[in-house]
Amino acid sequence: MNWNNALRDFEHYLNIERGLSKHTVISYRMDVQKLIVFLETNKKSISPIDIDFETVQVFLYELAKSVNARTQSRVISGLRSFFDYLIFENYRTTNPLEQIEAPKIGRKLPDTLSVKEIDKIVAAIDLSHPLGERNKAIIETLYSCGLRVSELTHLKLSDLFFDEGFIKVTGKGNKQRFVPIGKDTQKIINLYRHHARTLLNIDPQHMDTLFLNQRGKQLTRAMIFTIVKTFTQKAGIEKSISPHTFRHSFATHLLENGADLRAIQVMLGHESITTTEIYMHIDKSHLKQVMTSFHPRRT
């Protein structure tokens, strides 16, 4: 088995057997390709079946010279999964990364927006502009529902269950969940969909897509980043803000107002509660409030 065939079969396994998202599969492929490029550059003719611990160790040593600890950790994780797959298919009996530990990385938490800052961003949107109503609906949905960018761009009209107070969200690995949506956000979305959206020349392939560009096609991830950056700057906010900041703010504000961590986990679509715990920072005043409110020896 050569590297190209092994990588092709691995991608097929990730897509079909594990049902991972397109972006996740691409990340795994890039991790393996880094190792392939290293072998080709150093003229090492070693198959994925025969490569050993020492060769992988040298590759990771060279990689560490040019990338940060977070990237190193991701590559190690991707390669470990790749060789686990080869073991699963009986091509190998051992994983050459079994003895390799990923570098320790700190928890880098993104900036969080206050409610006032979010209001300032929304207020910076010019609603007289043809795309103003759409842009306001995008910002409100990101914050009110805590969506990932890909979840927002793939949101469909048929995913809106406003009578029940929910939207259906397709997350990582094509896993679906229902997320509550407030009446105010519903009104903002309806204003966009029944007014500004109807003025677009919609591409037939995107008739069911909620958020569209001026050409009537689905918005890209890059365009969402641009929209967020534009109105953050107009609002005079100097923090490092991305669409994910609204998701983080959504979770943090819920937690600070007494929401249950398990409920937040479900709304965010996290498989593990550990991810949710890492995801949000809790200030000391909130921890003290929780203790004084609920601990039997709080006095």
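The values are calculated or read from the model by the stated rules, or taken from the named source; none is laboratory data. This one's a predicted model, so the numbers in the text were calculated from it and none came from an experiment. In this analysis, Cβ positions are derived from the backbone assuming ideal geometry, glycine residues included, and neighbour counts consider all displayed protein chains.
Every residue, every condition in (1) under 21 Å from Ala196 (Cα atoms); (2) of a type in the set (Val, Ile, Thr); (3) in contact with a helix residue (DSSP H, G or I) (Cβ under 8 Å, 6 or more places away or on another chain), yes or no:
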position	(1), (2), (3)
Leu131	yes, no, yes
Arg134	yes, no, yes
Thr141	yes, yes, yes
Gly146	no, no, yes
Ser150	no, no, yes
Thr153	yes, yes, yes
Leu157	yes, no, yes
Val169	no, yes, yes
Gly173	no, no, yes
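Test each condition in (1) modelled with pLDDT under 90; (2) surrounded by 11 or more Cβ atoms within 10 Å (Cβ to Cβ); (3) closer than 28 Å to His154 by Cα for His12 and report the one that comes out false.
Every listed condition holds for His12 apart from (1).
Where in the range 205-281 are the helices (runs of 4 or more DSSP H), entirely inside, with at least 2 residues that are on the phi > 0 side of the Ramachandran plot and touching a helix residue (DSSP H, G or I) at 6+ places or on another chain (Cβ under 6 Å)? Can you show your working first?
Details: elements: 221-234, 243-256, 261-268, 273-279.
Where helices (runs of 4 or more DSSP H) fall fully within the range 205-281, none carries at least 2 residues being on the phi > 0 side of the Ramachandran plot and touching a helix residue (DSSP H, G or I) at 6+ places or on another chain (Cβ under 6 Å).
Just to be sure I understand the filter: pairs with C-beta atoms under 6 Å, separated by 6 or more residues or on different chains, first member in the range 131-142 and at negative phi, second member among the polar types (S, T, N, Q). Which pairs pass?
Glu140/Thr185
Restricting to helices (runs of 4 or more DSSP H) lying wholly in the range 57-169: which have 2 or more residues that are under 30 Å from Gln33 (Cβ atoms), within 21 Å of the chain's Cα centre (by Cα) and not polar (S, T, N, Q)? Even if it seems obvious, please write down each step before you answer.
Details: elements: 69-88, 115-123, 132-145, 149-153.
Filter on the range 57-169 gives 69-88, 149-153.
Out of the range 15-28, which residues are assigned to a helix (DSSP H, G or I), surrounded by fewer than 17 Cβ atoms within 10 Å (Cβ to Cβ) and not polar (S, T, N, Q)?
Ile16, Glu17, Lys22, His23, Ile26 - these are the residues of the range 15-28 that are assigned to a helix (DSSP H, G or I), surrounded by fewer than 17 Cβ atoms within 10 Å (Cβ to Cβ) and not polar (S, T, N, Q).
Kindly provide the set of residues from the range 202-230 that are surrounded by fewer than 15 Cβ atoms within 10 Å (Cβ to Cβ) and β-branched (Val, Ile, Thr), ordered by number.
Of everything in the range 202-230, those that are surrounded by fewer than 15 Cβ atoms within 10 Å (Cβ to Cβ) and β-branched (Val, Ile, Thr) turn out to be Thr220, Thr226, Thr230.
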